[in-house]
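Taken together, the values in this text are just the output of simple stated rules run on the coordinates, not laboratory data. The structure displayed is predicted, hence computed values, not measured ones. No Cβ is skipped: glycine too gets one built from the backbone with ideal geometry, and neighbour counts run over all protein chains shown.
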Amino acid sequence: MQRYLKTGGEVFGFDISKGMIKKAKIRNNSEVAVGNAEVLPFRDNTFDCISSILAFSYLQYPENMLYEAYRVLKPGGSISICTLGRNVFTAIVPAAYRIGEKLRVNRVGVGSFGEHYYREEEIYTLFSETGFTDLSVERRSFAHVDLKPPLYSLTKKMEPLIEDKLPYLAFNICAAGKKPEK
Ligand SMILES: C[S@@+](CC[C@H](N)C(=O)[O-])C[C@H]1O[C@@H](n2cnc3c(N)ncnc32)[C@H](O)[C@@H]1O
């Protein structure tokens, strides 16, 4: 939200957790509210852009969120989401949580939130079935937009090579698309 605000645009932020919204209010000078991303309280064709960071994996009905995002985007508007990627390691995380909970191993830290780890093809299908076009679905682990320019382009180039060599590395999936013009 802070990045978008810097461009001079109007921004509206949204999270289902009251605690997260309280924190966001402290950090941002824009509108934020508690709400469910699967039922967006906005009129059709309202936004130029919708963005979601690491929330998609926690949605119970992700197709509803995408349908709602499509509805409230203006024609030609764009969507980008970043979410948890599935590989041989992350595929077993939910089962590890469940075993930890059964054995009451509290030391592993967080419990299961019922999160879903996505394959690239899964995200691609969800986006295209909703009607989004111009799709891109990429792995991103550490090439981070907050990195300064030479470092950012370097990490972006190195990332696919490193992920190829280290298939156990946990990664995020960044997906983007457009609502077609009329
Ligand atoms: C891993 S946190 C990421 C938070 C924040 N976007 C960030 O990048 O720091 C996942 C967030 O998804 C939110 N969330 C889960 N289900 C949601 C839903 N149905 N609608 C809106 N937010 C939801 C949670 O409350 C939580 O704040």
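Compactness of segment 123-182 was expressed as the Cα radius of gyration divided by 2.2 N^0.38 Å, which yields 1.35.
Could you please report the charge total around TYR67, scoring K, R as +1 and D, E as -1 over all other residues with beta-carbon less than 11 angstrom from its beta-carbon? Around TYR67, the surrounding residues sum to -3. The ellipsoid that matches the Cα gyration tensor of the chain has semi-axes, each √(5λ) in whole angstrom, of 27, 22, 18, with the longest given first.
Between their Cα atoms, which of LYS102/LYS156; LYS102/LYS178; LYS18/LYS182; LYS25/LYS179 are more than 32 Å away from each other?
Working: LYS102/LYS156 40 Å; LYS102/LYS178 43 Å; LYS18/LYS182 37 Å; LYS25/LYS179 30 Å.
Table pairs above 32 Å Cα-Cα are LYS102/LYS156; LYS102/LYS178; LYS18/LYS182.
Could you tell me what percent of the DSSP beta bridges with both partners in the chain are antiparallel, to the nearest 5? Could the numbers behind the result be given before it?
Details: 13 of 24 bridges.
Restricted to the chain, the bridges split so that about 55 percent are antiparallel.
Applying 0.36 nm per residue to the separation of LEU54 and ARG139 and subtracting their alpha-carbon distance, the gain on full extension is 29.3 nm. Computed packing ranks the peptides 8-19, 147-158, 65-76, 118-129 as 65-76, 118-129, 8-19, 147-158, most packed first, by mean other Cβ atoms within 10 Å.
Give the shape of segment 11-87 as rounded, prolate or oblate, defined through the alpha-carbon gyration tensor: a ≥ b ≥ c are the square roots of its eigenvalues, a/c under 1.5 means rounded, and otherwise the shape is prolate if a/b is larger than b/c and oblate if not. It comes out oblate by the Cα gyration axes.
Hey, got the dipole for the chain? About the Cα centre, +1 on K and R Cβ, -1 on D and E Cβ, debye to the nearest 20?
Numbers: 25 positive and 21 negative charges, 152 e Å.
Computed about the Cα centre, the dipole is about 740 debye.
Partners of LYS22 within straight-line reach, counting lysines whose Cα lies under 24 Å from its Cα and excluding those fewer than 8 residues away in the same chain: LYS6.
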